[in-house]
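Beneath this line is the structure, given in structure tokens, with notes to follow.
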Amino acid sequence: MIDSGRFSPTRHDAEDASEEHFAAADDLPPLARGKPAGGEETGRSALFDLGQIDVRWDADAATLWAYMAPTHRPNFSMTMLRDVQYWYAESKRLFDAGVLPIKYMVAASHFPGVFNLGGDLELFAGCIERGDLPGLVQYGHACIDVVHRTWRNADMPVISVALAQGDALGGGFEALLCFDVVIAERSARFGLPEMLFGLFPGMGAYSILSRKLGRLAAERMILSGKVYSAEEMYDMGIVHRLVDDGEGEQAVRDYVTENRPHHAGHVGVFEAGRRVDPLHYDELKDIVENWAASALKTDLRDIRMMRRLASAQTRLGR
């Protein structure tokens with residue numbers, strides 16, 4: 001895998017890019033196991049100069065890897081959401097310029113035992129206590145900007161792959177659902193536990209699951225708050241390849257090697273699926289604004305649960 005600093009914008013350049021790409025698009029619950037990678041700066045890529053995402057370019061496989069590397073909790077903080085947008089914006093710019101001939105984009109995590117644990121529960125609790133509807137809406141809009149961009153593969157003719165080597169819960173599961181292909185290691189867990197603390201997953205889960213599984217199955221999954229094994233997700237068709245622990249990265253490379261000769265056809269199939277059953281930004285926006293209004297009705301007991309879960313996530317990051 002090649003890591004080349006010559007593709008790195010300065011932070012100033014990245015800030016400029018974000019102004020365009022953060023705009024709206026046009027058209028315990030169980031806790032993960034393990035400890036973080038601990039800020040592994042040695043060998044860390046400088047590609048794109050992102051604080052919470054380690055981006056690596058494999059030129060031989062035409063594959064751009066992005067490893068989430070949270071510095072605090074392994075969730076979608078506003079900083080992580082910003083860096084994901086930078087990744088997409090800069091990838092698209094370099095692809096259009098002919099600098100990065102990307103065919104595959106892979107999202108993974110450097111946090112052992114965790115893909116992503118979802119929403120910023122501490123932010124939720126604070127906004128609910130203050131009655132801060134605009135704050136919840138702003139966060140929700142940032143999330144669906146990422147969801148919609150991921151669903152559309154940043155408007156590039158690429159195959160997107162999510163590699164789950166650990167738990168994808170709440171918004172982490174919502175994000176993973178947007179990818180064309182999901183490869184999971186057997187110990188990974190998946191689910192939408194929001195109902196257990198008085199919320200529902202408002203950043204795309206209903207929209208995407210209803211398209212993949214049907215409305216009744218989507219509602220059953222959301223209302224249950226159940227956490228599923230990787231094998232159960234494979235049986236449902238959400239996970240496309242199931243591999244033993246430690247074999248995830250090689251499974252991604254094998255997938256690319258096997259399917260790259262048919263890349264154009266695979267891109268066409270996934271694009272056809274998005275055309276047949278499109279996911280419009282306005283749909284996501286309406287749902288997330290309903291989510292924000294519903295969140296303000298959360299009671300004190302549920303707010304305490306959010307804070308306990310946020311504290312547990314923080315302890316994972318130490």
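The values are calculated or read from the model by the stated rules, or taken from the named source; none is laboratory data. Because the structure is predicted, anything quoted here is derived from the model rather than measured. Here the Cβ positions follow ideal geometry from the backbone for every residue, glycine too, while neighbour counts run over all protein chains shown. The area values use the complete protein model at the heavy-atom level, side chains included, leaving out ligands, DNA and RNA. Shrake-Rupley method; radii C 1.70, N 1.55, O 1.52, S 1.80 Å.
Below, the figures for the structure above:
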| item | result |
| --- | --- |
| Whichever residue in segment 159-195 is assigned to a strand (DSSP E or B) and charged (D, E, K, R) and, among such residues, is most open to solvent (accessible area, probe 1.4 Å) | Arg189 |
| Neighbours by Cβ (under 9 Å, 6+ apart or cross-chain): first from segment 118-131, more than 22 Å from Val227 (Cβ to Cβ); second of a type in the set (Ser, Thr, Tyr) and open to solvent by 10 Å² or more (accessible area, probe 1.4 Å) | Leu123/Ser77; Ile128/Thr298 |
| Residues satisfying the stated conditions in segment 76-108, i.e. open to solvent by less than 20 Å² (accessible area, probe 1.4 Å) and polar (S, T, N, Q) | Gln85, Ser91 |
| Hits in segment 129-158 (condition: open to solvent by less than 20 Å² (accessible area, probe 1.4 Å), more than 21 Å from Arg260 (Cα to Cα) and under 18 Å from the mean Cα position of the chain (by Cα)) | Tyr139, Gly140, Ala142, Cys143, Ile144, Asp145, Val146, Val147, His148 |
| Some residue of segment 227-249 being of a type in the set (S, T, N, Q) and exposed (fewer than 14 other Cβ atoms within 10 Å of the Cβ) | no |
| Considering residues of segment 109-119 that are buried (at least 23 other Cβ atoms within 10 Å of the Cβ) and of a type in the set (Gly, Ala, Ser) only, the residue nearest to the chain's Cα centre (by Cα) | Gly118 |
| Condition broken by Arg315, with the remaining ones in (1) under 19 Å from Phe124 (Cα atoms); (2) open to solvent by less than 50 Å² (accessible area, probe 1.4 Å) satisfied | (2) |
| Ile222 being in a helix (DSSP H, G or I), open to solvent by less than 40 Å² (accessible area, probe 1.4 Å) and touching a Leu at 6+ places or on another chain (Cβ under 7 Å) | yes |
| Options Val227, Val182, Val243: the member that is under 19 Å from Val147 (Cα atoms) and in contact with a strand residue (DSSP E or B) (Cβ under 8 Å, 6 or more places away or on another chain) | Val182 |
| Check on Tyr234, in contact with a Leu (Cβ under 9 Å, 6 or more places away or on another chain), aromatic (Phe, Trp, Tyr) and either farther than 18 Å from Glu283 by Cα or assigned to a strand (DSSP E or B) (or both) | yes |
| Lone unmet requirement of (1) under 28 Å from Ser294 (Cβ atoms); (2) open to solvent by 10 Å² or more (accessible area, probe 1.4 Å); (3) of a type in the set (S, T, N, Q) for Ser207 | (2) |
| Checklist (1) at pLDDT 95 or above; (2) open to solvent by 10 Å² or more (accessible area, probe 1.4 Å) applied to Glu122, failing item | (1) |
| Top-ranked residue of segment 286-318 - restricted to ones that are assigned to a loop (DSSP other than H, G, I, E, B) and of a type outside the set (D, E, K, R), ranked as farthest from Leu199 (Cα to Cα) | Gly317 |
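So that you can scan it fast, the table gives a plain yes or no per residue for (1) within 28 Å of Phe190 (Cα to Cα); (2) assigned to a helix (DSSP H, G or I):
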{"residue": "Asp83", "(1), (2)": "yes, yes"}
{"residue": "Tyr88", "(1), (2)": "yes, yes"}
{"residue": "Arg93", "(1), (2)": "no, yes"}
{"residue": "Ile102", "(1), (2)": "no, no"}
{"residue": "Val106", "(1), (2)": "yes, no"}
{"residue": "Phe115", "(1), (2)": "yes, no"}
{"residue": "Gly118", "(1), (2)": "yes, no"}
{"residue": "Phe124", "(1), (2)": "yes, yes"}
